1. Identify, from the list Arg179, Arg240, the residue that is in contact with a Leu (Cβ under 7 Å, 6 or more places away or on another chain), free of Cβ contacts under 8 Å to residues at least 24 places away in the same chain and farther than 24 Å from Asp143 by Cα.
2. For segment 54-167, give me every one of the helices (runs of 4 or more DSSP H) that falls completely inside it and has 2 or more residues that are under 21 Å from Gln187 (Cα atoms) and of a type in the set (A, V, I, L, M, F, W, C).
3. I'd like to check something: does segment 55-74 contain any residue that is touching a residue at least 40 places away in the same chain (Cβ under 8 Å) and open to solvent by 50 Å² or more (accessible area, probe 1.4 Å)?
4. May I ask you to say which residue of Ser305, Ser363, Ser367 is touching a helix residue (DSSP H, G or I) at 6+ places or on another chain (Cβ under 7 Å), modelled with pLDDT of 75 or more and in the same structural domain as Ile154 (by the TED database)?
5. Among the residues of segment 195-236, write down those that are more than 22 Å from Ala254 (Cα to Cα) and open to solvent by less than 40 Å² (accessible area, probe 1.4 Å).
6. Condition test on Leu43, is it crowded, with 19+ Cβ neighbours inside 10 Å, in a helix (DSSP H, G or I), over 20 Å from the mean Cα position of the chain (by Cα) and at pLDDT 95 or above?
7. Look at segment 267-305 and say how many of its residues are among the charged types (D, E, K, R), under 25 Å from the mean Cα position of the chain (by Cα) and assigned to a helix (DSSP H, G or I).
8. What residue, of Asn89, Asn99, is open to solvent by 20 Å² or more (accessible area, probe 1.4 Å) and either charged (D, E, K, R) or closer than 30 Å to Arg240 by Cα (or both)?
Amino acid sequence: MAHWFHRNPLKATAPVSFNFYGVAGSPAANKICNDLRTTRARLLEMFTDVTCNPEIMKNATDAYFSLLQGFISSLDGTTQENKMRFIQNFKWTDTLQGNTPSAQQDAVFELVSMAFNVAVWYTKFASRLAGKEKYVLPPEAKDVHRSLKVAAGIFKNLKEVHIPRLITPAEKGRDLEPRVIDAYIIQCQAEAQEVTIARAIELKHNATLIAALSFETANFYQKADHTLNTLEPECSSKWRKYLQLKQHFYMAYAYCYHGQTLLATDKCGEAIRSLQEAEKCYSRAEALCKEYRQTKGPGTTAKPSEQLFFLKLGGVIKNTLEKCQRENGFIYFHKVPAEAPQLELKASYGLAEPVAFELPPLSEQCSAEVYATFDLTKGAKNDKAKPKEEEVKPVKEPDLKPQKDTGCVVS
């Protein structure tokens, strides 16, 4: 399933030296600053390292965040803000806004921006794994599924816990504003459910379950699309086309498998009408695939209409509809309703919930005693010695060639 998922670009950031001349008043304080610089650089390298896996990513993330919290959490036993929180300026681009960065002198801004990129990495890891030529083993399907739920959990945690702590609210259209982060959360859940649906189809699970899961997934994609409908079209149109084509594709699945359920209960006329609606949704999804490819905007271009998983559905709808029409002409003689059936399907199983995200414990290096050796009054004299502002360079993401699509999603 190479090129099945649309992916927006990673956020880019300016280098940060953490050189607090004069402020870090002890060897232990200097070591914290040095370790912050090296663990940050290491984590940034992992975003574009094709050999990186979730275990390596978690270790790199924990190493940096355990130290960064020493500039955020209260370490002096009071409820006052950490005195180091606002000492360093951080610059980050956004996934939808090109190479124009936002800047805030706030360690919380750094935390949420870096964690956002970690979540984006998990979505890209899932996409890369799903694109492997021999993606047939259940453990790999499980890794794709879990990575998407982990990403959703990070986005959700940032939205509910850390973004509200920012002194300066996110600007409209930026990654940290509610519409954008909500769309990421919902998309991750929807894509995780796609893995469940593919597995249910491969294992020939009950048609009622597949229809319900498909319906719920289509609704997720519709909700994500509606979340973005007030964003500027130049930065959201391409992403929205992807969400729309996935919505119609899974509505086609829902009507197709609902039609099979109706036929199994001898409601042949209603089954025909459901499958006719599946044809309409599938045709709309095909048209949206073309519109999506032609729409300019951030991110990689998925090619779902070229995948066997997409193409097979067209054949299933056609064959099932022909079967229903044959049976109706020989056995049932039911009238085909003018209106498509109203789908009110609820999935009892298989719904994807975000994996709860928690920050690592504070590093043992960040003790109250070491914290006390940071002296902000001694930093002003070095203002003239500050280096030139670092430029934010776009992230050069690896160019991964698509593998041959075998049509084997899970087994």
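The values are calculated or read from the model by the stated rules, or taken from the named source; none is laboratory data. All figures in this text were calculated on a predicted structure; none of them were measured in a lab. Methodologically, a virtual Cβ is constructed for each residue, glycine included, from the backbone with ideal geometry; neighbour enumeration extends over all protein chains shown. Each accessible area value is taken on the protein alone, full model and side chains, heavy atoms only, with ligands, DNA and RNA left out. Shrake-Rupley method; radii C 1.70, N 1.55, O 1.52, S 1.80 Å.
1. The conditions single out Arg240.
2. Output list reads 107-130, 138-157.
3. For segment 55-74, residues touching a residue at least 40 places away in the same chain (Cβ under 8 Å) and open to solvent by 50 Å² or more (accessible area, probe 1.4 Å): absent.
4. The unique qualifying residue is Ser363.
5. Thr227, Leu228, Leu231, Cys235, Ser236
6. It is false that Leu43 is crowded, with 19+ Cβ neighbours inside 10 Å, in a helix (DSSP H, G or I), over 20 Å from the mean Cα position of the chain (by Cα) and at pLDDT 95 or above.
7. 5
8. After ruling out the rest, the residue left standing is Asn99.
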